[in-house]
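A short write-up of the structure that comes next.
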């Protein structure tokens, strides 16, 4: 598979920890979301891509722009 940015085939997968913070000062008290994806990194240009599991994606989807849970707001 070629890099989406520079088209190099020089890529390698690395395990990672990613701590996702919700944007905005009004969301500083919102818990962060930890995910543990496999990063695919282009060793020529540095482009890194990863996919988040559906279970880990759920807290991100269920939070609106005000940091409120969409389930609680409904």
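So which residues in the stretch 18-37 are more than 21 Å from residue 61 (Cβ to Cβ) and touching a strand residue (DSSP E or B) at 6+ places or on another chain (Cβ under 8 Å), if there are any at all? Selection gives nothing. Scanning the stretch 47-57 for residues that are surrounded by fewer than 16 Cβ atoms within 10 Å (Cβ to Cβ) and in contact with a strand residue (DSSP E or B) (Cβ under 6 Å, 6 or more places away or on another chain) gives 48, 49, 50, 52. All told, residue 44 falls short of being exposed (fewer than 12 other Cβ atoms within 10 Å of the Cβ) and either modelled with pLDDT of 95 or more or part of a loop (DSSP other than H, G, I, E, B) (or both).
For the stretch 21-41, which positions are touching a helix residue (DSSP H, G or I) at 6+ places or on another chain (Cβ under 7 Å) and modelled with pLDDT of 95 or more? Across the stretch 21-41, the qualifying residue is only 35. In the set (1) assigned to a loop (DSSP other than H, G, I, E, B); (2) over 13 Å from the mean Cα position of the chain (by Cα), residue 13 fails one condition alone, (1).
The values are calculated or read from the model by the stated rules, or taken from the named source; none is laboratory data. All values reported here derive from a predicted model rather than from experimental measurement. Counting neighbours? That spans all protein chains shown, and the Cβs are built from the backbone with ideal geometry, glycine included.
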